[in-house]
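Data first, discussion second: the structure below is written as structure tokens.
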Amino acid sequence: MTPFKPRTASAPRPSVRLLLAVLIILLIAIAGCQRASQQAAADQAPEIVATLAVAPDPAIVGPATLEIQLADDSGAPLPGARIALKGDMSHAGMQPLLADAAETAAGVYQAQWSWSMAGDWFVTATATLPDGRTLVRRFDLTVSRP
Ligand SMILES: [Cu+2]
């Protein structure tokens with residue numbers, strides 16, 4: 001037989017619960033931002049030289065080819081990497097452009113692309129190198145109207 005136990009603590013009032021919910025959402029959002037910025041900063045191969053070339057150049061709205069070249073610190077091409085490209089605009093609220101670059105010659109990686117809007121863009125190249133390290137580089141460029 002279980003004796004009746006009166007509750008001494010009352011349930012939190014709705015305003016307290018709302019405050020807790022907002023606090024939890026904020027904490028999750030802050031954690032998410034920190035993860036995103038850590039990913040962007042995680043370049044583990046600073047001695048590798050990465051260059052971006054775009055065609056057409058200067059960039060205009062519409063179809064384009066993006067080419068990343070990787071070279072080691074002696075200037076030799078670096079083959080065998082896997083490269084993912086992400087294009088973001090400097091203003092908020094746009095879907096990023098995403099593409100994988102395929103190796104077309106030793107150390108040369110190309111992706112088909114389509115600039116969707118004129119303005120200031122930054123392309124983030126994230127490469128997994130043959131030795132397992134991650135290379136992250138950001139390239140800023142301006143896309144014009146055709
Ligand atoms: Cu835009």
> So between Arg82 and Met94, what do we pick up on full extension, going 0.36 nm a residue minus the alpha carbon distance?
Replying inline: 1.8 nm
> So, in nm, how far is label Val49 from label Asp120 when the simple model puts each one 7 Å beyond its Cα toward the Cβ?
Replying inline: 2.8 nm
> Over region 93-139, what percent of the accessible surface lies on carbon and sulfur atoms, probe 1.4 Å?
Replying inline: 53 percent
> For Ser74 and Ser144, what is the calculated FRET efficiency with R₀ set at 30 Å and r taken between the beta-carbons, to the nearest 0.05?
Replying inline: 0.25
> Shape of region 49-143 from its Cα gyration tensor (a ≥ b ≥ c, root eigenvalues): rounded if a/c is under 1.5, otherwise prolate when a/b > b/c, or oblate?
Replying inline: prolate
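The values are calculated or read from the model by the stated rules, or taken from the named source; none is laboratory data. Quick caveat, the model's predicted, so the values are computed rather than measured. Note that each Cβ is placed from the backbone with ideal geometry, even for glycine, and that neighbours are counted across all protein chains shown. Side chains included, ligands, DNA and RNA excluded: accessible areas come from the protein's heavy atoms. Shrake-Rupley method; radii C 1.70, N 1.55, O 1.52, S 1.80 Å.
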